[in-house]
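The values are calculated or read from the model by the stated rules, or taken from the named source; none is laboratory data. Worth saying up front: this structure is predicted, and the values here are computed from it rather than measured. When we count neighbours, we look across all protein chains shown, and the Cβ atoms used for this are built from the backbone with ideal geometry, even at glycine. Side chains included, ligands, DNA and RNA excluded: accessible areas come from the protein's heavy atoms. Shrake-Rupley method; radii C 1.70, N 1.55, O 1.52, S 1.80 Å.
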Amino acid sequence: MTTVKNHSYPITYLRPASGWMPLDLAALWEYRELIYFLTWRDIRVRYKQALLGIGWAILQPVFHMVLFTVIFGRLAGLKPDAGIPEQLYPIFSFAALLPMQLFQQALQRSSISLVQNANLLTKVYFPRLIIPLSAAGAALVDFFFAMLVLGGLMVAYQVPVTARLLWLIPLTLLAVLAALAIGLWLSALNVQYRDVQHMIPFLIQAWMYASPVAYSIDVIPESGIWRWVYALNPMAGVIQGYRWALLDATPPAGFLWVSVAVVVVLLISGLYYFRAMERTFADTV
C-alpha cells in the first residue's frame, strides 16, 4: 500500500504484495478512531436488549466464585496457597477468575472477529489487525466492572491494600496480550477453516482447567521441571501474579518470566502469520 498526497487530500494505492510484509504497526495509530468505533460497537451489540445490561459482567464471575467456593473450597476441601487463611478462599478464587475470564472473552471475541466482520473486509480497506484488536479490547469493559466487585470483597474481608496492587496493571496487560496473540492465530485460521470456531469453546474450557483457577499452584511439584513446564501456560503466571499482588501468596518470580517469554513468542509469530494471510481474507471469508 502506498499513499500519495496532493493539494487537497491523500490518495491511497492498494497493490498486491508477495512474501513476508512488514507489520506496519504505525498504521494502527492512524486508524485509532476506527479502533474506538469498532470497540464501542462490540460493547453495544453485546448488551443490546439485555435486561441486566452490564450487570452480566458482574454476575458471571460472582456466580463462578460462589460455585468454586462451595464445590472446591467446602466439599472438595481444596486449600489456598500456604499462608493464606481458608476463609479467604472466595477472594483466592475470584483473584484467578478475573484475569481468566478476561482472557477467555478476549480470546473468543478476537478468534471469530474476522468472520463476523466479513462485510467490512470485502468492502473497504483498513489494517485488518484492527478487527481482532478491537474485539479483544471490548473485553476490558467487563473486566473493569468485575474489578469493582473485587474491591468490595477486599473491604468486606479486610484484606490490606499494599503497593503490590500496582502489579495488577502489567499482569492485566499480559493477559490481554496472551489472548490477542492466540486470537491472531485462530482468527486467521478461522477464515480458512471454519472448524476452528467449533474448536474454540472446547479450547477455552480446557484452558481454564489447565490454569490454577480453583486450586493452588502448590499442588504442582516444585522440584523437577513440572512447575516450569506448567509456566508455559501464560495464564498460570498471570493468575499466580494476581494472587501474590492481592493476598501475598507464593510470588511468581521466574515462573512469571517464562509466561512473558511465551506470550512474546506467540504474539510476534501471530502478528507475522496474520500479516502474511491478510491478503487472502477478502477473497476467502
Legend entry - Helix-only [θ]222 nm of the chain, DSSP H runs n ≥ 4, -39500 (n - 2.57) each, per residue, nearest 500: -20500 deg cm²/dmol
Inset, instruction - Take every Cα-Cα distance within the range 59-145, group them into 10 Å bins from 0 onward, and report for each bin the whole-number percent of pairs it holds. - result: 16, 33, 22, 16, 9, 3
Legend entry - Neighbour net charge for residue 184 - beta-carbon separation under 14 angstrom, K R +1, D E -1: +2
Legend entry - Accessible surface of the chain, 1.4 Å probe, proportion on carbon and sulfur as whole %: 68 percent
Legend entry - Rg over Rh, two decimals, the chain (C-alpha only, Kirkwood Rh): 1.02
Inset, instruction - Would you please put 86-99, 153-166, 196-209 in order of how densely packed they are, using the mean number of other Cβ atoms within 10 angstrom per residue and starting with the highest? - result: 86-99, 196-209, 153-166
Legend entry - Estimated vicinal HN-Hα couplings, Hz - the range 35-41 in sequence order (Karplus 6.51, -1.76, 1.60; Gly, Pro = x): 4, 4, 5, 5, 5, 5, 5
